[in-house]
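To start, the structure under review is shown below, and the notes come after it.
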Amino acid sequence: MKEHIGIFGGTFNPIHNGHLLMVQDAMEAFELARVLFVPCAVPPHKRIAGLVSTVHRVAMLEAALDGNPDFELCDLEIRRGGTSYTIDTLRKLKLRYPDQELCFIIGSDTLPELCQWRDIEGILALCRILTVARPGFELAALKRRSLKLKPPWPRRLLKDVVVGHGLNVSSSNIRYRVAEGMTIRYLVPPAVEAYVNEQHLYVR
Ligand code: ATP
C-alpha cells in the first residue's frame, strides 16, 4: 500500500485546537504517515482584514507543532508568496512525493466551496480530499448535488469523511475573544496563547 501523506492548508490566523484535533482525527481514520501543515501567504477565498503577518502565523504554527514528529510545518506557500492556490502547492508536493498518496484535509465547511477553487479538477486528480466534520456544518445535511462537481467526485468526496471530535473552535472566534479581552486558554495550545499575549496580537 502506498504511504499516505496528509496535507493541511489554512490561514492559521491563529492555529487552534480545533485544527490540531481534526488533523489527529483524520490521521487516525485514514492511516496517514504524517501531516504537512501549509500556511497560505495570501488566502484566495477570504477577506484579509485582520490577517497578522506570515512571521507571526508561522511562529504560532511552529509553537503548536513542537514536540509532535508526525506534524510538520511546510512553508512552500509562504516562500512562493502572493495568492496561494492549492493546485500550485499540490503540483510541487507531487514532485516531492511521487510514490505517496497525497491526502488533502479540509473541514466540512470547506467541502461545498471546493467547486470554486482554481482548477478543482486538477486538484482532484492529484490528491484525495479527506473531510472532517465541523460543528455547524453537518455532513448529513450535505447532498451530492450541493457540491456542484461532476460525477464521480461528489460520491467519492462524501465517502472520505470522518466525524471526529468536532471541536467548535474557529480562528475568527479566537480573534474576537482576544479583542474583547476574553481568555483563549484551552482553545489554543499554551505556547500559542503565550505568543499571542507577548506579541499583543489581535488586540483592538
Ligand atoms: P476563520 O475563523 O478565520 O475563518 P478557521 O478557524 O476556519 O478560520 P482556517 O485556517 O481558515 O481556520 O482553516 C483551515 C481548515 O481547517 C479549513 O479547511 C477549515 O474548514 C478547517 N477547520 C478549521 N477549524 C475547524 C474545526 N473546528 N473543525 C473542523 N474543521 C476546521
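The values are calculated or read from the model by the stated rules, or taken from the named source; none is laboratory data. Bear in mind the structure is a predicted one, so any value in this text is a computation, not a measurement. Here the Cβ positions follow ideal geometry from the backbone for every residue, glycine too, while neighbour counts run over all protein chains shown. We work out accessible area using only protein heavy atoms, side chains counted, and drop any ligands, DNA or RNA first. Shrake-Rupley method; radii C 1.70, N 1.55, O 1.52, S 1.80 Å.
Observations on the structure shown:
- Residue that is nearest to residue 109 (Cα to Cα), among those in region 147-199 that are among the basic types (Lys, Arg) and within 14 Å of the ligand (Cβ to nearest atom): 175
- Taken over region 1-30, the residue count meeting the criterion of being within 21 Å of residue 111 (Cβ to Cβ), in contact (Cβ under 8 Å) with a residue 24 or more places away in the chain and of a type in the set (Asp, Glu) is 1.
- Selection from region 11-58 of residues that are buried (at least 17 other Cβ atoms within 10 Å of the Cβ) and at positive phi: 12
- Test result for residue 99, surrounded by fewer than 15 Cβ atoms within 10 Å (Cβ to Cβ), charged (D, E, K, R), farther than 28 Å from residue 151 by Cα and at pLDDT 95 or above: no
- Enumeration of residues in region 116-128 that are open to solvent by 40 Å² or more (accessible area, probe 1.4 Å), within 20 Å of residue 30 (Cβ to Cβ) and within 16 Å of the ligand (Cβ to nearest atom): 128
- One residue stands out among those in region 129-162 that are open to solvent by 40 Å² or more (accessible area, probe 1.4 Å) and in contact (Cβ under 8 Å) with a residue 40 or more places away in the chain: the one that is nearest to residue 4 (Cα to Cα), which is 161.
- Residue selected from region 75-96 under the condition closer than 15 Å to residue 123 by Cα and free of Cβ contacts under 8 Å to residues at least 24 places away in the same chain, by the criterion least open to solvent (accessible area, probe 1.4 Å): 88
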